[in-house]
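Report on one structure; see the data block that follows.
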Amino acid sequence: MAGPDDQVRPKVPFDERAGFATELMPAPPANLERAGSLPPAPGSAFGRTAEVRSKIARMVRWGAVPRLGGAVRNAIATEWDRGTTFLFTPVFLAAGALVYFSIDSEPSFAELGSSVLAIAFVTWLARSRLVLHLILSALLCFALGMTFAKVETWRAGTRILAAEISTRLTGRVALIEQQANGRIRLTVDVLATERPKLKYVPERVRVSAQSIPAGLRVGETVVGVARLVPPAGPTRPGGYDFSFANYFNGIGANGFFFRPPQRVAESPPADMATRFFALVENLRAGLGDRIRTAIDGEAEGEIAAALIAGVRAGIPDDVNEALRRTGLAHVLSISGLHMAIVAGTIMTALRAGFALFPSFASRRPVKKYAAGAAILALGIYLFISGFSVAAERSFLMIGIMLVAVIFDRAALSMRNLAISAIVIIAVSPHEVAGPSFQMSFAATAALIGAYTSWSERRRGPPAIRSDQGLLRSGLTKIIGHAVGLAATSLVAGTATAVYGAYHFQRVSPLSVVANLAAMPIVSAIVMPFAVFGMILMPFGLDKWAFLVMGKGLTAMIVIAEWISDVSPIDGVGLVPASAVAVLTAALIAATVSTTWLRLVAVPLTFAGLAIIMERSLPEALISEDARLLTIRTDDGALAVNRMRPNGFTIEDWQRALGSEVLTKPKNVAIEDPRQLAETGEEAFNCAGNVCVAYSVSAAQIVHVSTAAEALPFCAIAQLIVIDDATAENPCLEAGPTVLTKRDLARRGSASVSFQRRAGQMSAEIDFAISKPYRPWHTHRAFAREARGLAPYERQKPTEAAAQPKATTANTVPASLRIDNEAADDPAASLSSGGSARPAGPAP
């Protein structure tokens, strides 16, 4: 029967490809014929080329574009109905936090707050238009991520020491860590300093000592003469920034005690929070000592303490290296595997115990009781383990699933992951920039996405099972478990490979083999018996459980060391940040999307790999103290200018530049250092304080100690590095690029590439730190080197007596004044007492 619309609307042909009535379209203007959008009229001069163009135009206009657009709209609508869009919330929050930490200038609260309010209002107005609403919602999450990061930066406000200084330090012990080299590292809350007394005092410092008083516990007070050093910047542009990490961890300086510190009998009373955290740390320390005592083997005991108490400082370096090369280092991180085993063990044990009382178990929801007990156990485990990012993520995910069990609700794993990410980003946005957050969430998302896809393929009528013998059934289960474990390792290893390569410049090619061999031991022996040991510890029956756990760890270490020895490659060199961003987008598309939109991951993956293949490595790297310089040679080695270079810096440079060979400098006995330029060798040739080498592009690089030594090379060198903060550029403006110790003290380490322009070779410098300084780098402006001052020299008593003693804010010697370019705060206070350095402004 015809409806009212049929009586009004005329019958018109319908074009199925276009999706609308063709006769209702208005006639095109006549001038479109000449533009080639319509078929040419008979006898037209445009000919066959215009006809082909016209057909293509009609096909795109009437067929392909609407069809593709309709498919995209349908896919987006499907994702919306399935709630997939919520999963992108932490993605854009994390993107906002990363952008905040990487921009060159500090945004204000007013800028961020007004942006959030404006975008939120526009998003609310556009709520009826799906696509626009989604775009604005993503932009709102991005702005919120930047705001969260700004709030955390303001909340941290860590005071960071500006320069090295020796002082008598009195502080309350906040953490005690036994290191693998035998030294003990203390984290100390500073109570007082003297000789000299610092006016700008970091609230917390980290210092090491050869020994500490017997029985020293967290919360007690120690005193001793310590050398304090500001946290270093990245060893190269894009490298790990110790200043950034220390700023958000509240550490204002690092250093060491000249002599073992002494315990202070009477110390100021601590507040309740300090006493509580001291109690927790002492509990962790005592738990770690008890585990080490129960387990045979130094490495096994330290790993067991790391798995249970989160204490990792004492693991031997060779064992750590073997675990990293084989991809088993994730075992040391308290993550989803450990939390799941703890929760599973608790629930299984409790439900088995309840089953012994059938009358009670049949009338009560014992499964919910077990889930509640498992949540409590996970909370205690998280608290004792030290609140690492992976542990927090695992606790949130598993906790949500257990709460769903209690309230008879379904728990969606990917949604749990998104919720845990949102919580961590809101509380600690700086974790987004670290490898722990990135690798933990990447591995978990990849595993959930892979399992979801596999489950979808298995949907259908259940297969008819034939009767199998006991042996065949057991063998089938073992093979299935092995295949699942291998697939898990492959998926997680692939998802985290790009982040490991970016942060550590290394990969684990045999990680699947190592995990397939070691993880059954960890899952079946190590972690279950760790849980049994913790349960039995209050009754004094834990030693046998920890012994079994230690045997499992011994087998894991043997496997890791053997596979590490046969591992073919390790270092992969620098990975561009742009490649990480593209590959991350591919991972998100593949794991979050539930429709054909996940195919977007394929071109993104190839694009990311192409960026890595087209990367360009720097030709030279310079340390921030201007003492160490390295260049790449044609044979893949690294040439350095010092016979005894800093081991940590050189190891990082070798991984970054993909080199395993180190070439030391050659000392040449010549009278005129300019003769070094005639060698033409890539390795450094040194005469006195002058070292000369040639890069792979034949650019001459010179390292000297003074400006006078650099002057003879102004006409022939392309790069001169002067290890002197008081030196000025001795060359003309048209001469070579000159970097002084002052430049590097201000801008951090540098990477150098050379380009030939107009027949001349010029150096392109990329510094690790930009200006104006961000809050975690402001202390650099107040270092002596950054202000162009010579190293401090303590005056002799006779010289000190001849100097005037009165010093006020207006009579500070010129050599100690802070110039306006180095610091914007003219009221920055100086430490009192001869050896003090100027310090940065208080937050």
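Numbers at a glance
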| read-out | value |
| --- | --- |
| Exclusive hit being modelled with pLDDT under 85, part of a helix (DSSP H, G or I) and either surrounded by 21 or more Cβ atoms within 10 Å (Cβ to Cβ) or touching a helix residue (DSSP H, G or I) at 6+ places or on another chain (Cβ under 7 Å) (or both), set Ala518, Ala482 | Ala482 |
| Flag if Arg457 is among the charged types (D, E, K, R), open to solvent by 20 Å² or more (accessible area, probe 1.4 Å), assigned to a helix (DSSP H, G or I) and modelled with pLDDT under 90 | yes |
| Helices (runs of 4 or more DSSP H) fully within region 239-339 counting 2 or more residues that are touching a Ser or Thr at 6+ places or on another chain (Cβ under 6 Å) | 317-325 |
| Meets criteria (closer than 21 Å to Trp544 by Cα, in contact (Cβ under 8 Å) with a residue 24 or more places away in the chain, open to solvent by 20 Å² or more (accessible area, probe 1.4 Å) and not polar (S, T, N, Q)) for Arg275 | no |
| Flag if Glu733 is out of contact with any Phe, Trp or Tyr (no Cβ under 7 Å at 6 or more places or on another chain), acidic (Asp, Glu) and either over 22 Å from Arg632 (Cβ atoms) or open to solvent by 40 Å² or more (accessible area, probe 1.4 Å) (or both) | yes |
| Search result, residues across region 239-270 that are farther than 16 Å from Arg206 by Cα and either among the charged types (D, E, K, R) or buried (at least 18 other Cβ atoms within 10 Å of the Cβ) (or both) | Gly239, Asp241, Arg263, Glu266 |
| Count of region 296-322 residues which are touching a strand residue (DSSP E or B) at 6+ places or on another chain (Cβ under 6 Å) and crowded, with 23+ Cβ neighbours inside 10 Å | 0 |
| Residue within region 301-317 that is out of contact with any helix residue (DSSP H, G or I) (no Cβ under 8 Å at 6 or more places or on another chain) and within 30 Å of Arg506 (Cα to Cα) present | yes |
| Number of the exception - Ser659 against (1) surrounded by 15 or more Cβ atoms within 10 Å (Cβ to Cβ); (2) more than 31 Å from the chain's Cα centre (by Cα); (3) in a loop (DSSP other than H, G, I, E, B) | (2) |
| Answer residue from region 736-749, given it is open to solvent by less than 40 Å² (accessible area, probe 1.4 Å) and among the charged types (D, E, K, R) and is farthest from the chain's Cα centre (by Cα) among those | Lys741 |
| Some residue of region 118-131 being within 22 Å of Asn74 (Cβ to Cβ) and open to solvent by less than 50 Å² (accessible area, probe 1.4 Å) | yes |
| Given (1) at pLDDT 90 or above; (2) of a type in the set (Ser, Thr, Tyr); (3) open to solvent by 40 Å² or more (accessible area, probe 1.4 Å), index of the condition Thr594 fails | (1) |
| Pairs, first exposed (fewer than 15 other Cβ atoms within 10 Å of the Cβ) and of a type in the set (Gly, Ala, Ser) in region 72-87, second at pLDDT below 85 and in a helix (DSSP H, G or I), C-beta under 8 Å, six or more apart | Ala77/Leu130 |
| Evaluation of Lys741 against (1) without any contact (Cβ under 8 Å) to a residue 40 or more places away in the chain; (2) under 17 Å from Leu629 (Cα atoms); (3) in contact with a helix residue (DSSP H, G or I) (Cβ under 6 Å, 6 or more places away or on another chain) (one fails), failing number | (1) |
| Only listed residue being under 24 Å from the mean Cα position of the chain (by Cα) and of a type outside the set (S, T, N, Q), chosen from Pro618, Pro645, Pro673 | Pro618 |
| Hey, Thr649 in contact (Cβ under 8 Å) with a residue 60 or more places away in the chain and surrounded by 15 or more Cβ atoms within 10 Å (Cβ to Cβ) or not | yes |
| Conditions (1) without any contact (Cβ under 8 Å) to a residue 40 or more places away in the chain; (2) surrounded by 20 or more Cβ atoms within 10 Å (Cβ to Cβ); number of the one not met by Thr293 | (2) |
| For Gln755: the one exception among (1) modelled with pLDDT of 50 or more; (2) over 29 Å from the mean Cα position of the chain (by Cα); (3) of a type outside the set (A, V, I, L, M); (4) surrounded by 13 or more Cβ atoms within 10 Å (Cβ to Cβ) | (4) |
| Leading residue by the ranking (nearest to Glu281 (Cα to Cα)) among those in region 368-383 that are modelled with pLDDT of 90 or more and open to solvent by 50 Å² or more (accessible area, probe 1.4 Å) | Leu376 |
| Complete set of residues in region 424-445 that are polar (S, T, N, Q), over 8 Å from the mean Cα position of the chain (by Cα) and in a helix (DSSP H, G or I) | Ser440, Thr444 |
| Residue list for region 673-713, filter: in contact (Cβ under 8 Å) with a residue 40 or more places away in the chain and assigned to a loop (DSSP other than H, G, I, E, B) | Glu682, Ala683, Phe684, Ser695, Val696, Ser697, Ala698, Ala699 |
| Long-range neighbours under 9 Å by Cβ, at least six apart or interchain, first residue in contact (Cβ under 8 Å) with a residue 12 or more places away in the chain within region 538-549, second basic (Lys, Arg) | Asp542/Arg290; Phe546/Arg290 |
| Val342 being among the aliphatic types (A, V, I, L, M) and over 22 Å from the mean Cα position of the chain (by Cα) | yes |
| Selected residue [open to solvent by 20 Å² or more (accessible area, probe 1.4 Å), over 30 Å from Asp565 (Cβ atoms) and modelled with pLDDT of 85 or more] from Ala340, Ala352, Ala329 | Ala352 |
| Residue in region 379-389 that is outside any helix (DSSP H, G or I), of a type in the set (Phe, Trp, Tyr), closer than 25 Å to Ala445 by Cα and out of contact with any Asp or Glu (no Cβ under 8 Å at 6 or more places or on another chain) present | yes |
| Condition check for Pro538: open to solvent by 30 Å² or more (accessible area, probe 1.4 Å), of a type outside the set (Asp, Glu) and at pLDDT below 90 | yes |
| Unique residue being buried (at least 17 other Cβ atoms within 10 Å of the Cβ), among the β-branched types (Val, Ile, Thr) and touching a residue at least 12 places away in the same chain (Cβ under 8 Å) when the list is Ile716, Ile769 | Ile769 |
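The values are calculated or read from the model by the stated rules, or taken from the named source; none is laboratory data. Bear in mind that the values here come from a model prediction, so they are computed numbers and not experimental data. All Cβ positions, glycine included, derive from the backbone under ideal geometry; neighbour counts span all protein chains shown. For the accessible areas, the whole protein counts, side chains as well, though only heavy atoms, and no ligand, DNA or RNA atoms are used. Shrake-Rupley method; radii C 1.70, N 1.55, O 1.52, S 1.80 Å.
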